[in-house]
1. Go through (1) part of a helix (DSSP H, G or I); (2) without any contact (Cβ under 8 Å) to a residue 12 or more places away in the chain and name the single condition Ala153 misses.
2. Can you give me the number of residues within the range 175-219 that are of a type outside the set (A, V, I, L, M, F, W, C), closer than 22 Å to Ser148 by Cβ and touching a Phe, Trp or Tyr at 6+ places or on another chain (Cβ under 8 Å)?
3. Restricting the first residue to the range 255-267 and requiring it to be free of Cβ contacts under 8 Å to residues at least 40 places away in the same chain, which pairs with a second residue that is assigned to a loop (DSSP other than H, G, I, E, B) meet a Cβ separation below 7 Å and a spacing of at least six or different chains?
4. Can you pull out the residues in the range 150-171 that are in contact with a helix residue (DSSP H, G or I) (Cβ under 7 Å, 6 or more places away or on another chain) and under 30 Å from His297 (Cα atoms)?
5. Could you please find all residues in the range 1-27 being crowded, with 21+ Cβ neighbours inside 10 Å and outside any helix (DSSP H, G or I)?
6. Which of the numbered conditions does Gly17 fail, given that it passes all the others? Conditions: (1) more than 30 Å from Glu123 (Cβ to Cβ); (2) out of contact with any helix residue (DSSP H, G or I) (no Cβ under 7 Å at 6 or more places or on another chain); (3) of a type outside the set (D, E, K, R); (4) at pLDDT 95 or above.
7. Can you pull out the residues in the range 182-220 that are in a strand (DSSP E or B) and either more than 12 Å from the chain's Cα centre (by Cα) or among the polar types (S, T, N, Q) (or both)?
Amino acid sequence: MNSEKITAAAAGTWKLGDREVNRLGFGAMRLTGNGMRGNSDGAPIDRDVAIGMLRRAVELGVNHVDTAAFYFSPLRSANELINRALSPYRDDVVIVTKVGPGRDPSGGWVTAARPEQLRGQVEENLRQLGRDHLDVVNLRRMRQDSISDHFGALAELRDAGLIRHLGISGVRPEHLAEAQAIAPVVCVQNSYSLDRRPAGTQALVEACGEQGIAFVPFFAISGDRLEAPASDTHDDAVLTVARAHGATPAQVRLAWTLHLGPHVLAIPGTANPDHLTENVAAGALRLSQDELARLQHPAP
């Protein structure tokens, strides 16, 4: 593939509420050098490189950027980098953040936010991003059986004008129904990939498609180590399809993700500017039915 000339528009578009985005976006977590679980995969990239890469992503047509106030390390804050790189924000750029998990200033994980604490987390995202409202806020479920109280608190903040649209993350199908009874849900974020397909998630993908809700899988190209960069080891099916298209294994994994349905978005993250270009170009990779069948073996 000639990645240099392909933009995110090649992946097609979907609407998050009234905000249309290209289906190939960018996840900002890796820019901090720390994973969601607080483990580090090395030092964060140079600050100026990170800022340049965010700007380059937008130049390549990326208009869906995923972040969170709890994406930070001792040296980097994803929200601060986004603010520095993209503010003043273009009208077509949609910033999606999430609330629920809590971290103390040293980076340690603390008890998940109570419903009454979510306003503080929303306001912290507003402050860090330099916004007067948030385009989309996902409630990250933290093992609780019911999300109604937490989602209801966010719905009140939406009514107050601090949030434009709401989503949920780390959920089961019953949580989607629970949230939809309170306020419209525009996206669902769950871990899902060619290698890792948790039981019940396919039903959630299908339910989202039926209801016109975006399904946004994270860790789509990371393999078994989740937050870690994509593995250098790939099974024969992935390698065979990659060779046939002159593509990388990571591009095949992203293409497989986008082939799950027109409502499925991708938010690959990277700290490598070359990988950014390759990830965006994956939106133009079209897999045949035979290739999809070859890849669609049972996940480990």
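1. (2)
2. 4
3. Matching pairs, first to second residue: Ala255/Leu285; Ala255/Leu287; His259/Leu287.
4. Ile168, the sole residue that qualifies.
5. Ile6, Trp14, Leu16, Val21, Asn22, Arg23, Leu24, Gly25, Phe26, Gly27 - these are the residues of the range 1-27 that are crowded, with 21+ Cβ neighbours inside 10 Å and outside any helix (DSSP H, G or I).
6. Among (1) more than 30 Å from Glu123 (Cβ to Cβ); (2) out of contact with any helix residue (DSSP H, G or I) (no Cβ under 7 Å at 6 or more places or on another chain); (3) of a type outside the set (D, E, K, R); (4) at pLDDT 95 or above, Gly17 violates only (1).
7. Val185, Val186, Gln189, Asn190, Ser191
A quick yes/no check of all residues on (1) under 25 Å from Asp274 (Cα atoms); (2) among the hydrophobic types (A, V, I, L, M, F, W, C):
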position: Val49; (1), (2): yes, yes
position: Leu75; (1), (2): yes, yes
position: Ile95; (1), (2): yes, yes
position: Gln117; (1), (2): no, no
position: Leu126; (1), (2): no, yes
position: Leu139; (1), (2): no, yes
position: Ala160; (1), (2): no, yes
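The values are calculated or read from the model by the stated rules, or taken from the named source; none is laboratory data. These numbers were taken from a predicted model, which means no experiment stands behind them. As a convention, Cβ positions derive from the backbone with ideal geometry for all residues, glycine included, and neighbour counts pool all protein chains shown.
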